[in-house]
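K.L.:
Pasting in a structure now, in structure tokens, and then I'll have a few things to ask.
Every read-out reported here was derived from the displayed coordinates using simple, explicitly stated rules and does not represent laboratory data. All of these numbers come straight from a predicted model, not from anything done at the bench. When we count neighbours, we look across all protein chains shown, and the Cβ atoms used for this are built from the backbone with ideal geometry, even at glycine.
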Amino acid sequence: MERVYNFSAGPSVLPGPVLEKVQQELLSYGGSGMSVLEMSHRSEAFTAIIRDAESLLRQLMGIPDNYKVLFMQGGASLQFSMVPLNLLNGSRRAGYADTGSWSKKAIKEAEKSGTVTVLASSEGEGYSRIPALDLSSASGFDYIHITTNNTIEGTRYAEIPDTGDIPLVADMSSNILSEAVDVSKFGLIYAGAQKNLGPAGLTVVIVREDLLGRCGAACPAMLDYGTYAQSESLYNTPPTFAIYVTKLVLEWLRDAGGVEEMEKANRGKAARLYAAIDGSDLFENRVEAASRSLMNVPFTAPTDELNREFLQFAASNGLKTLKGHRSVGGMRASIYNAMPLDGVQALIDCMQTFERTHRQGD
Ligand SMILES: *Cc1c(COP(=O)(O)O)cnc(C)c1O
């Protein structure tokens, strides 16, 4: 069976060895005679899987002991609501950075629970850079929210802002584990798994313990971080298979040298792709250099027709799902941890061939 290079933004490419292991273990996990798909979430085998997944994540990210790791459902989008529901409990004021479509959605949900101050926005510049947070008025906020990597616009925080005593909350859906981060700088980190971590259906939340238990008496149990923390994410049935596959991805990452090696590889892949785009007379990336994402690289040709032609040409060469988000157009190459350098090089070769043919055809 031939595999393509899949540049999808999410759900996205998983490491080949992980998929092979899933296949090997699918009918009988660990000699149990049953699939993880069929197993009780309270069985001994699954308990070991979820514990391993947590301890691998703790080890790989260097998560301090005073943080809980929660395995949940509902995607990053449910976190847009859960974060304000749980954390807007003092002044009921929060600061948000508006850096793209996902942060806009997060802001909209938070406004239902309290008062949002937008501390930075690059909307007027088409979200082509990460604006600095204006912290001059930032006192008394219950938290400040950022999106560390903007999947659609292709921007990333090169440096995590210092918000002092105000808990920093981060949507890390599309760049968790892609580079080293100091977890102690954050009050809460959340990520939908389907970009850089595993399959759809799982959301990971990393939360400092002092931020738990503030959701209030009327808070539905399933929307209270405390419920997940107290039950070790087993209050109800968690997304068992997604947790299992994520555990395999974390093992793969550890065996590949951990986050440090991943970051080196990701920087190398991104640098090569941006250099090819910048050196091209046909393709363009409009993001300010210092804000460029290591994970999602949008680029365009001068006309819609050329974009369409290129997408077709790339697909016929086994380079799939390169179409840009509908709000941005053009192309987008998502080059997550599991995308090998060979895939990025194949894309560059394809762009260069297309450009040459296009010039000859002029
Ligand atoms: C994909 C994505 C989301 C939405 O994730 P869902 O799991 O589909 O809810 C939110 N934020 C960012 C940064 C994303 O990339």
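K.L.:
Wrap a convex hull around the Cα atoms of the chain, take a quarter of its surface area, and give that in square nanometres. Present the calculation step by step, with values, prior to reporting the outcome.
P.N.:
Numbers: hull surface 74.4 nm².
It is 18.6 nm².
K.L.:
Further, regarding this structure: When the chain is treated as a GNM, springs tying every alpha-carbon pair under 10 Å, which of Pro17, Pro238, Pro131 comes out with the largest mean-square fluctuation?
P.N.:
Pro17
K.L.:
Can you check what the net charge comes to around Arg267, using other residues whose Cβ is under 13 Å from the Cβ of Arg267 (Lys, Arg +1; Asp, Glu -1)?
P.N.:
+1
K.L.:
Moving to a separate point now. What are the radius of gyration and Dmax of the stretch 15-108, computed over its Cα atoms and given in Å?
P.N.:
Expressed in Å, the Cα Rg and Dmax of the stretch 15-108 come to 18.6, 54.
K.L.:
Please compute the contact order of the chain in relative form: average sequence separation of alpha-carbon pairs under 8 Å and at least six residues apart, divided by the residue count, as a percent.
P.N.:
Working: 656 pairs, mean separation 82.4, N = 362.
Dividing the mean separation by the residue count of the chain yields 23 percent.
K.L.:
Something else now. Within 10 Å, Cβ to Cβ, of Ser139, how many net charges do the neighbouring residues add up to if Lys/Arg are +1 and Asp/Glu are -1?
P.N.:
Result for the local shell: 0.
K.L.:
Further question: State whether the stretch 29-187 is rounded, prolate or oblate according to the following rule on the C-alpha gyration tensor (a ≥ b ≥ c being the square roots of its eigenvalues): a/c under 1.5 gives rounded; otherwise a/b larger than b/c gives prolate, and the remaining case gives oblate.
P.N.:
prolate
K.L.:
Mean-square fluctuation check for the chain, GNM, Cα pairs under 10 Å: which of Tyr96, Tyr29, Tyr157 is largest?
P.N.:
Largest GNM mean-square fluctuation: Tyr29.
K.L.:
With a point put 7 Å past each Cα toward its Cβ, work out how far Gln24 is from Ala315 in nm, to one decimal.
P.N.:
For the pair Gln24/Ala315, the computed spacing is 3.5 nm.
K.L.:
Rounded if a/c is under 1.5, else prolate if a/b beats b/c, else oblate: with a ≥ b ≥ c from the C-alpha gyration tensor eigenvalues square-rooted, which is the stretch 261-309?
P.N.:
prolate
K.L.:
Next up: Using the Karplus curve 6.51 cos²θ - 1.76 cosθ + 1.60 with θ = phi - 60°, what ³J(HN,Hα) values do you get for each residue of the stretch 289-305, in whole Hz, with x for Gly and Pro?
P.N.:
Karplus values, whole Hz, x for Gly and Pro: 3, 5, 9, 5, 6, 8, 10, 10, 10, x, 8, 9, 9, x, 10, 4, 5.
K.L.:
Taking springs between alpha-carbon atoms closer than 10 angstrom, which of Met72, Met222, Met172 fluctuates most in the Gaussian network model of the chain?
P.N.:
Ranking Met72, Met222, Met172 by mean-square fluctuation puts Met222 first.
K.L.:
With only alpha-carbon atoms counted, please give the Rg and Dmax of the stretch 258-357, in Å.
P.N.:
13.0, 42
K.L.:
Cβ neighbours within 10 Å, averaged per peptide: list 163-171, 136-144 in order, most packed at the top.
P.N.:
Packing order, densest peptide first, comes out as 163-171, 136-144.
K.L.:
Could I ask something else about it? Taking a Cβ-Cβ separation under 4.7 Å as the criterion for a possible partner, which cysteines of the chain have none?
P.N.:
Isolated Cys, the chain: Cys350.
K.L.:
So how much slack lies between Arg254 and Asp52, counting 0.36 nm per residue of separation and subtracting their Cα-Cα distance, in nm? Don't jump to the answer; show the numbers that get you there.
P.N.:
Values: separation 202, 0.36 × 202 = 72.72 nm, distance 1.23 nm.
This chain segment gains 71.5 nm when fully extended.
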